Amino acid sequence: ENENEKTNVQIFTPLDYTDPPNLTKAIEDFNQWIEDNSHEFPVKLLTAAEVPEMRIGTIATSEIKIDDLYISIKESIVLSEENAFNDPELSKVLLDLQSRFGNSDNFHVMALFLLNEMSKKEKSKWWPYLNLLPKDLSYNPSLFSDSDLELLKGSTLYSRILSRKQTIRSKYEKIKALIFDHYPLFNWVDYNMYLWAHLTLDSRSIWWNGKRNLVPLLDLINCFQLSKSMKPHSTTLNRKTKTADTLSKAVFHKGDQVFENYGQPNHIYFLYHGFVLQENTHDCVLIDFSDIIGEGNSFDCVSVVEFPERLKRPLSLKGDPKSILRDIAKKKLNQYETTLVEDEEFLKQRKNINGFDPKRSIVQFLITEKRILQEIVSQFSDSEKQKHSEL
C-alpha cells in the first residue's frame with residue numbers, strides 16, 4: 001500500500017449537523033458559557049482546550065492532588081432524565097409514552113432529550129456543549145464497513161460489532177414506528193440522526209444511580225491510565241448540594257492535560273468509543289468457554305491476572321485449569337487471520353496514511369488481544385515446566 005494513501009472512509013454526519021468549522025472559536029464559546037453559568041459549576045479546576053490527536057480535552061487551571069474534588073456540577077446543567085421531563089414540549093411526549101407503555105426507558109428518554117435539544121440548535125440552553133460533540137463518528141466501529149471488519153475475524157468482537165450494527169438498525173425501525181412517525185416533534189429524525197444519538201450516548205454517558213447523563217465539561221476529559229496504580233473514574237451525586245462530584249485519581253499540575261481512567265478492558269473501549277489503550281491494567285480478552293464446559297453463552301474476559309471463575313469450579317475438566325486456559329489461548333491465536341508480528345508490520349506500513357484509518361484502528365485493537373493471549377501461553381507454559389521440574 002502507498003504509505004501516503006488516503007483512506008476511503010465515508011464521512012458520517014447526521015442530517016445537516018457538522019463539526020464546527022472553527023473548533024478554536026467553538027471551544028472559546030463553550031468556556032465562556034461555563035463562565036457565564038459559573039453558579040452551575042461550583043468547583044471547576046480545569047478548562048476545555050484543543051488537544052493534538054484527541055481533538056478536545058481538558059487542561060488543569062490549578063494544582064490538583066489525588067482525592068481533590070476538582071469538578072462539581074449542578075444537576076440543573078446536566079442532560080439527565082429528570083431534566084428531560086422538565087422540558088415543557090418534550091415532557092408531553094414522554095408522559096404520553098409512559099401512559100401508552102407503562103414504563104420509562106432511560107436510554108430512549110435520553111436519546112429523545114438529546115435529539116430535541118439538537119433540533120433547537122442555538123436556541124438550546126446546552127448548545128455550546130452540544131456544538132462540541134463530534135458529529136463525524138467515522139472512528140466508531142459500528143460505522144466501519146463489513147469488509148474492513150473482516151480483519152477482526154478470530155476476535156469475539158467481530159460478531160459482536162456485526163450484531164450491534166443490526167441491533168441498532170432494528171431498534172430504529174421500532175422507535176420510528178412508535179415515536180418518530182407518531183409525534184411531530186420528532187418527525188425530522190432519520191436513521192443517521194438516530195444512529196448518531198445512539199452512539200453518542202453509548203460513548204459519552206456518565207452514570208450515577210443507575211442512569212445515564214450527559215455532563216458538560218466532565219464529558220470532555222479524555223481517558224488514559226497514567227500509572228498502574230491509577231484508580232478508575234467515579235462520579236457520585238451529592239444529594240445535599242445537588243451536584244455531580246468527581247475526585248481526582250491522579251496528580252495534575254497547572255497546564256497539564258487532565259485524564260480519567262475509565263477502568264475498562266480494551267474491547268469495551270474499542271466497541272463503544274473507537275480507541276484502545278496500549279497500557280491498560282484492566283485489559284483482558286473475551287473468550288467463549290461454551291465448548292469447554294458445555295454451557296451456552298459462556299463468555300469470560302481473561303488475562304494472566306483475570307483467571308476465569310468457571311475454570312476454578314470443580315467441573316469434570318481434564319487437566320489443570322491453567323493448562324486448559326493456555327491451550328485455549330493457543331487455539332484462539334490460531335483463529336486470527338494474521339499473527340502479532342504481521343500486525344505490527346502492518347501498522348508500520350500505514351503510519352503515514354492521511355486521515356482516519358479504520359484498518360489501522362482494528363489492528364491496534366487486535367495487537368492488544370494477541371499480546372495478552374501470548375502472555376497467557378508463555379506464563380502458563382512456564383508454570384507447567386516449573387511443576388514438572390519439581391516432580
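Structure notes:
- Residue selected from the range 153-168 under the condition outside any helix (DSSP H, G or I) and of a type in the set (G, A, S), by the criterion nearest to the chain's Cα centre (by Cα): S155
- Filter result for Y262 (surrounded by fewer than 21 Cβ atoms within 10 Å (Cβ to Cβ) and under 17 Å from the mean Cα position of the chain (by Cα)): yes
- Pick from the range 353-367, criterion not in a loop (DSSP other than H, G, I, E, B) and not aliphatic (A, V, I, L, M), ranking: surrounded by the fewest Cβ atoms within 10 Å (Cβ to Cβ): N354
- Per the conditions (1) crowded, with 19+ Cβ neighbours inside 10 Å; (2) free of Cβ contacts under 8 Å to residues at least 12 places away in the same chain; (3) not charged (D, E, K, R), the sole criterion not satisfied by P21 is (1).
- Of all residues in the range 232-250, one or more are open to solvent by 10 Å² or more (accessible area, probe 1.4 Å), among the β-branched types (V, I, T), in contact (Cβ under 8 Å) with a residue 60 or more places away in the chain and under 26 Å from E35 (Cβ atoms).
- Scanning the range 63-91 for residues that are open to solvent by 20 Å² or more (accessible area, probe 1.4 Å) and either touching a Gly at 6+ places or on another chain (Cβ under 6 Å) or in contact (Cβ under 8 Å) with a residue 60 or more places away in the chain (or both) yields a total of 11.
- Hits in the range 205-229 - residues which are open to solvent by less than 10 Å² (accessible area, probe 1.4 Å) and either assigned to a loop (DSSP other than H, G, I, E, B) or on the phi > 0 side of the Ramachandran plot (or both): V215, P216, L217, I221
- Residue in the range 265-278 that is touching a residue at least 40 places away in the same chain (Cβ under 8 Å), closer than 23 Å to W33 by Cβ and open to solvent by less than 50 Å² (accessible area, probe 1.4 Å) present: no
- Residues that are touching a strand residue (DSSP E or B) at 6+ places or on another chain (Cβ under 8 Å) and farther than 11 Å from N213 by Cα, drawn from the range 71-121: I71, S72, I73, K74, E117
- Residue within the range 121-133 that is free of Cβ contacts under 8 Å to residues at least 24 places away in the same chain, part of a helix (DSSP H, G or I) and crowded, with 18+ Cβ neighbours inside 10 Å present: yes
- Filtered by the rule that a residue be over 27 Å from the mean Cα position of the chain (by Cα) and either modelled with pLDDT under 75 or surrounded by fewer than 14 Cβ atoms within 10 Å (Cβ to Cβ) (or both), the range 297-322 gives R310, L311, K312, R313, P314, L315, S316, L317, K318, G319.
- Within the range 24-52, being open to solvent by less than 30 Å² (accessible area, probe 1.4 Å) and either outside any helix (DSSP H, G or I) or of a type outside the set (F, W, Y) (or both) holds for A26, I27, I34, E40, F41, L46, A48, A49, V51.
- Count - residues of the range 169-191 that are outside any loop (DSSP other than H, G, I, E, B) and buried (at least 16 other Cβ atoms within 10 Å of the Cβ): 8
- Of all residues assigned to the range 85-103, at least one qualifies as being touching a helix residue (DSSP H, G or I) at 6+ places or on another chain (Cβ under 8 Å), at pLDDT 95 or above and outside any helix (DSSP H, G or I).
The values are calculated or read from the model by the stated rules, or taken from the named source; none is laboratory data. Everything numeric here is computed off the predicted structure, so don't read it as measured data. Note that each Cβ is placed from the backbone with ideal geometry, even for glycine, and that neighbours are counted across all protein chains shown. Surface areas here come from the heavy atoms of the whole protein model, side chains and all, with no ligands, DNA or RNA. Shrake-Rupley method; radii C 1.70, N 1.55, O 1.52, S 1.80 Å.
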